[in-house]
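The values are calculated or read from the model by the stated rules, or taken from the named source; none is laboratory data. Since we're looking at a predicted model, the values are computed, not measured. Glycine also receives a Cβ, built like all others from the backbone with ideal geometry; neighbour counts cover every protein chain displayed.
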Amino acid sequence: MAQAKRKRTRKHRGTPAGTIERSGRTGRPRTREEAKKIARQRREDRFSKPPTWRASINRAAIAAAIFGVLVIILFQRSVAQGVALAAFMFLLYIPLGYGTDLMIYRFRQRRRQAQPK
């Protein structure tokens with residue numbers, strides 16, 4: 001007969017008192033203020049990293065693909081024209097995206113240095 005209930009994917013550990021603990025973070029739940037503080041710190045860490053060419057290339061590839069599809073669908077151009085324009089836009093988006101990221105990164109760093117602790 002087929003199993004009606006899905007099996008657990010994580011191990012649970014029973015205690016002598018009969019409570020079940022899950023492996024991992026088993027302490028008390030975070031308060032709302034702690035969660036906000038952690039989220040704020042993670043956001044700050046993410047924005048304090050300098051921009052990378054890899055991120056710019058990935059973003060340019062996604063934008064160029066969307067651009068190519070829109071050219072084909074909305075402007076009813078041939079697939080070859082859409083691919084050619086998308087390739088051109090890809091090459092254009094890479095330095096533009098990196099430059100924009102670098103400008104924003106420098107602005108945030110200046111603002112962070114000027115901010116009193």
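Just a few scattered comments:
- Every test in (1) surrounded by 13 or more Cβ atoms within 10 Å (Cβ to Cβ); (2) in a helix (DSSP H, G or I); (3) under 19 Å from the mean Cα position of the chain (by Cα) is passed by PHE90 save one, and that test is (3).
- Against the conditions (1) under 30 Å from GLU44 (Cβ atoms); (2) assigned to a helix (DSSP H, G or I), PRO116 satisfies every one except (2).
- Residue count for the range 1-37, restricted to those that are modelled with pLDDT of 75 or more, surrounded by 10 or more Cβ atoms within 10 Å (Cβ to Cβ) and either touching a Gly at 6+ places or on another chain (Cβ under 9 Å) or among the charged types (D, E, K, R) (or both): 4
- Residues in the range 44-54 that are of a type outside the set (A, V, I, L, M, F, W, C) and at pLDDT below 90: GLU44, ASP45, ARG46, SER48.
- ALA63 meets each of the listed conditions (1) over 28 Å from ALA84 (Cβ atoms); (2) in a helix (DSSP H, G or I) apart from (1).
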